[in-house]
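A.B. asks: Dropping a structure here in structure tokens format, bear with me for questions.
The values are calculated or read from the model by the stated rules, or taken from the named source; none is laboratory data. What you are looking at is a predicted structure, and each value in this text was computed from that prediction instead of being measured. Here Cβ is always computed from backbone atoms with ideal geometry, including for glycine, and neighbour counts include all displayed protein chains. Just the protein is used for accessible areas: all its heavy atoms, side chains included, with ligands, DNA and RNA removed. Shrake-Rupley method; radii C 1.70, N 1.55, O 1.52, S 1.80 Å.
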Protein chains: 2
Amino acid sequence: MRHNEFVRTMAGTDNRKELITEGPVIVLCEPQLGENIGMVARAMANFGLAELRLVNPRDGWPSDKARSAASNADHVIDATKVYGRVEDAIADLHFTYATTARHRDMLKTVRSPREAISTLMTKFKAGEKTGLLFGRERWGLNNEEIALSDEIVTFPVNPAFASLNIAQAVLLMSYEWMNASMVEPEKAVFGAIDSEIASKQELIGLFDHLESALEDARYFHPPSKKERMRLNLRNTFTHANLRSPEIHALRGAIAALERRWKKKRGEW
Amino acid sequence: MRHNEFVRTMAGTDNRKELITEGPVIVLCEPQLGENIGMVARAMANFGLAELRLVNPRDGWPSDKARSAASNADHVIDATKVYGRVEDAIADLHFTYATTARHRDMLKTVRSPREAISTLMTKFKAGEKTGLLFGRERWGLNNEEIALSDEIVTFPVNPAFASLNIAQAVLLMSYEWMNASMVEPEKAVFGAIDSEIASKQELIGLFDHLESALEDARYFHPPSKKERMRLNLRNTFTHANLRSPEIHALRGAIAALERRWKKKRGEW
């Protein structure tokens, strides 16, 4: 499937929306707990990955525990394939990363998640099929499996507390994939409603209104300090980068406070 | 604690190594399951965050389930603080992000995790105390909690499958924090140190004062719109990035307007 191609699907939390189903294959080597496999599937679905392969899952496949832990990522669970040997699981791939938590004494390039995903994205765009290998819950990948991979990716964890589980590791890689897939990864997926930054005219209208109300309320006291106080307030609101509806709300608030005592004065 | 300062500790998986214990405070609003709190603590520890605060955890605190799920992140669990109100949990912070999964109809800047962490890192280097607010498992943060935050951060999830749990959300933010900590760690502090940015406590004091004055002035009309109007004003002032002296001046202005009509009322 081409990069940035989308497929409609009934799976997921909102079937009116588009589901991205492309990216590197996730390969779990001898995973032990069905729950972990399910959480891996869910993490993949969250960030648009869809192709999961298992090498000798300890508790067999299919797994009810995996399906339950996948929280409706049924499209990933249903498409999961099982292999007896890692060689078969990666046979059709062109480039794979081995994920490791600790240093291995191998002459192999070690990348951060972000670098690794950048490499995978480049290869993906060039039409290569890629994969990420994850090891057992207890001790990760063996040297044999690492040797089959082109490069190593490791996570920038706190050296004193480096206990990422496989679902977390898959989550981080999938997240980086999603970031790399987006044209502008720095940009949030939905923007603030920010078309309405107030004009200076609106801002000055607020100043005049507020200052007039405060003048009536004898806020500017003593008179020698008035200019300073007035400028402080103006600077406060200039600094506040206000939008039109915010100015509208503030003027409403000032008017309410003003009206209150003007009304009293009228009645007095 | 200074940026890039390290502390030796006996906690974690390898007590010969250094443990980073600095960064934004993680605030969980009304978390339900102890397991989730524990997994949040573990995710924080993995990437060097250490300060966890809970607002009204449903099943109480301390929690054996949390400690067990934290997988030896005991230093985070032991230091966790519990609050009855989110206002108290963030009182000493200067800048907070609200994390949301879906669009909220608010005039607030929305950032990606990477942008948000970049912002927090800048503020951290300038000596500000920052936080990240996470909501309930089922429905996230309420509008009240979001209105107390300066900006919103949301995750670039697959729109068709957007079910990140809180531990995963905390993991991603913590991971980005670790990434940002490593980029040019020697880089000089940039930007003026704005030592006078108001704390959340000062901001909440302003809210309370303004809302009480407006309540007396019958600004909140009709009653059905009160909540919306109140949150709009809170969002306006949260967005305004106010400094302590600015809050002081604003409260003086509100007091002047209030005093004016209260005086009239007294005379009436």
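A.B. asks: Quick one: 3J(HN,Hα) in Hz for the stretch A:142-149, Karplus 6.51/-1.76/1.60 with θ = phi - 60°, rounded, Gly and Pro as x.
C.D. replies: 8, 4, 4, 5, 5, 5, 6, 9
A.B. asks: Evaluated at 4 °C with a viscosity of 1.567 mPa s, what Stokes-Einstein diffusion coefficient in µm²/s does the stretch A:200-264 have when Rh comes from the Kirkwood expression over alpha-carbon pairs?
C.D. replies: Using the Kirkwood radius from Cα pairs, D works out to 104 µm²/s.
A.B. asks: Between copies, how close do the B:Gly205 label points come, placed 7 Å along Cα→Cβ, listed in nm from shortest?
C.D. replies: 3.3
A.B. asks: Same structure, new question: Note down the Stokes-Einstein diffusion coefficient of the stretch A:21-183 in µm²/s, whole number, using a Kirkwood radius over alpha carbon pairs, 20 °C, and 1.002 mPa s.
C.D. replies: 138
A.B. asks: Over the stretch B:200-264, average the accessible area per residue using a 1.4 Å probe and give it in Å², no decimals.
C.D. replies: Here the residues of the stretch B:200-264 average 43 Å² of exposed surface.
A.B. asks: Could you derive backbone 3J(HN,Hα) for the stretch B:39-54 from the dihedral phi with the Karplus parameters 6.51, -1.76 and 1.60 (θ = phi - 60°), listing whole Hz in sequence and x where the residue is Gly or Pro?
C.D. replies: With the stated coefficients, the stretch B:39-54 comes to 5, 5, 4, 5, 4, 4, 4, 4, 10, x, 8, 9, 10, 10, 10, 10 Hz.
A.B. asks: At a Förster radius of 22 Å, what calculated FRET efficiency corresponds to the Cβ-Cβ distance of A:Ser112 and B:Ser163, to the nearest 0.05?
C.D. replies: With R0 = 22 Å, the Cβ-Cβ based efficiency is 0.25.
A.B. asks: Which FRET efficiency, nearest 0.05, do A:Arg218 and A:Arg251 yield, Cβ-Cβ r, R0 22 Å?
C.D. replies: Once the sixth-power term is evaluated, E becomes 0.60.
A.B. asks: On to the next question. What net charge do the residues around B:Ile204 carry, taking every other residue with its C-beta under 11 Å from that of B:Ile204, with Lys and Arg at +1 and Asp and Glu at -1?
C.D. replies: Local net charge: -2.
A.B. asks: Continuing with the same structure: Taking H as built 1.01 Å from N, whose amide H comes closer than 5 Å to the amide H of B:Leu141, not counting residues under 5 places away?
C.D. replies: B:Gly135, B:Arg136
A.B. asks: So if R0 is 41 Å, what FRET efficiency would A:Glu128 and B:Asp64 give, r being the distance between their Cβ atoms, rounded to the nearest 0.05?
C.D. replies: 0.25
A.B. asks: Another question, then. Tell me, what ³J(HN,Hα) does each residue in the stretch A:68-74 have, in order and in whole Hz, if you take phi through Karplus 6.51 cos²θ - 1.76 cosθ + 1.60 with θ = phi - 60° and put x for Gly and Pro?
C.D. replies: Working through the residues one at a time gives 5, 5, 6, 6, 6, 7, 5 Hz.
A.B. asks: Continuing with this model, one more query. Taking each residue of A:231-239 in turn, how many C-beta atoms of other protein chains fall within 10 Å of its C-beta, and what is the average?
C.D. replies: Across A:231-239, the average partner-chain Cβ count within 10 Å equals 4.
A.B. asks: Let me ask something else. 7 Å along Cα→Cβ for the label point: how many nanometres lie between A:Met182 and each equivalent label in the other copies, listed shortest first?
C.D. replies: For A:Met182, the inter-copy label distances come out at 2.1 nm.
A.B. asks: I would also like to ask the following. Counting C-alpha atoms alone, how compact is the stretch B:58-153: give Rg to one decimal and Dmax as a whole number, in angstrom.
C.D. replies: Both quantities, over Cα of the stretch B:58-153: 14.8, 41 Å.
A.B. asks: How much of the accessible area of the stretch A:21-183, probe 1.4 Å, is carbon plus sulfur, in whole percent?
C.D. replies: 49
A.B. asks: Follow-up. How would you rank B:211-220, A:118-127, highest first, on the average number of other Cβ atoms within 10 Å across their residues?
C.D. replies: Order by mean packing, descending: B:211-220, A:118-127.
A.B. asks: Using amide H atoms built 1.01 Å from N in the peptide plane, name the residues 5+ places from B:Val82, or on other chains, whose amide H lies under 5 Å from its own.
C.D. replies: Result for B:Val82 returns B:Leu54.
A.B. asks: Hey, can you rank B:94-100, A:252-258 by average C-beta count inside 10 Å, highest first?
C.D. replies: Packing proxy ranking, top to bottom: B:94-100, A:252-258.
A.B. asks: With the label 7 angstrom out along Cα to Cβ, how close does B:Pro222 come to the same site in each of the other copies, in nm, nearest first?
C.D. replies: Here B:Pro222 shows inter-copy label distances of 5.1 nm.
A.B. asks: Another question about this same structure. Under 5 Å between amide hydrogens, which residues at least 5 positions from A:Glu151 or on another chain qualify, with H placed 1.01 Å from N in the peptide plane?
C.D. replies: Close amide H contacts, sequence-distant or interchain: A:Thr96, A:Ala98.
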